Amino acid sequence: MNEKIPSSALTPDNAFTAECFKLIAEVLPRDKYVKVKGLGTFKLIMVEPRESVDVNTGERILIRGHQKVTFTPDTSMRDIINEPFSCFETTPIYGSTSADATPLAPEAAWENGLMPDTLLDDDQATPDTIADITEATRPGDTAVPHPTSQPPVSDPSATAASFHRFFGWSFWGVLMLVIMACGICYMFNVIWPDTTGTRYTQLDESLESESDTIATTPDAITLLHRATPIAPPQPLTRDQLASLCPDDPRVTEADTTRLRIVGTIDTHTLIYGETLAALSLRYYGRRCYWPYIVAHNNLPQAHHTFVGTAIRLPQLALRDNQPQ
Amino acid sequence: MNNKEFIAALAERTGCTSREANSRVRTLVKAMAGQLTQGNQVVVPSFGTFEVKKKNERISVHPVTGQRMLVPPKLVLNFRPATTLKEQNK
């Protein structure tokens, strides 16, 4: 690990190895590229002349254009090298808001700490590559300030853009959702009013105070009748439940509509070979009530229950609109 | 110079057949890959150094859709040319 292996130690044929790399070095200035199958491609690329600053004197200097040797590994070599990490794949990140997901301007990206793709690359990047990357991301700028040393000043146009973005789709979307939620709550309240009796108790008290006038009209009689508190649901016994479902082994339809769950009668731990239908048969006298057991226990997969699962057995009662 | 021309030139220099040269190059590349996967550097005098570098995982943003992606870490082969080679191609 981390040892420097000379090329002469790679194969017994040292002369051939040396000749191989010597040929590449000789051919490169002439042909500009040498491709070796299985290893990669050596290329000679031109670096344009550019201005820079002498770090000692602070003077502006011109770096002359020159040629640079680059190497691109072959796909097979790349796969061999990256084999330890080959199990990883690029995965999308979900859960961010739409404002985060929108591509930001470079300045805004600096401010949010979300650097452009290539700048988050690694901490082993050489200064040359960083310079190249920054040039690539901000082509118009000649001198690029470092994000930590000199934070960029947000200009009014950028602020206006971010304000517009905030009051754009996301704001109106959230507003619409709130209005829809309020509407749904109101609809639920109208369709299924409170059946616990508190509302009717209040109505009862108000009606008692005005009983003289109201009792004279037929509408009020129905109102008073309705105002009596609703009796709590009567849980059905095993015999009653058995009588509700036909005792025919050919009938396999499960009951999911006539009854409702009003409590828990017992808890049972599943053993090997037991099914929910068998539990239904044991506790309710019929097999058809297993969907209520599923609903009461929030079982995600009713057909895949595990040994040792504690099953709560629901207490069942008739729904209000069902005949006794 | 493509691979075929490179093998032909190498065969001419070393005085062996193209097939032999090809097989020797393959052996050399395999030996290099073996050393590099073990984390070693391969130093070729007056040519350069081959080494493996680890690139950390990073978050990348799709420029069009704005979708954020987690790019996994990876190992890449890097080549640093020797000063002699740099001077030769200046």
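Bear in mind that the values in this text are calculations on the coordinates, not laboratory data. Remember, it's a predicted structure, so these values are computed and weren't measured experimentally. Positions of Cβ are backbone-derived with ideal geometry, glycine not excepted, and every protein chain shown enters the neighbour counts.
Some points to look at:
- Take every pair of alpha-carbon atoms less than 8 Å apart whose residues are at least six positions apart; their mean separation over the length of the stretch A:238-318 yields a relative contact order of 44 percent.
- From its DSSP helices (H runs of at least four residues, each -39,500 (n - 2.57)), chain B gives a residue-normalised ellipticity at 222 nm of -13500 deg cm²/dmol.
- Relative protection proxy for A:289-295, B:25-31, from highest mean packing down: A:289-295, B:25-31 (other beta-carbon atoms within 10 angstrom).
- The residues neighbouring A:K32, those whose beta-carbon lies less than 14 Å from its own, together hold a net charge of +1 under the Lys/Arg +1, Asp/Glu -1 convention.
- Within a Gaussian network of chain B (alpha carbon springs, distance under 10 Å), most fluctuating of B:V64, B:V43, B:V52: B:V64
- Average partner coverage of A:40-46, which counts Cβ from other chains inside 10 Å: 2
- Relative contact order computed over chain B (Cα-Cα under 8 Å; 6+ residues apart), in percent: 21 percent
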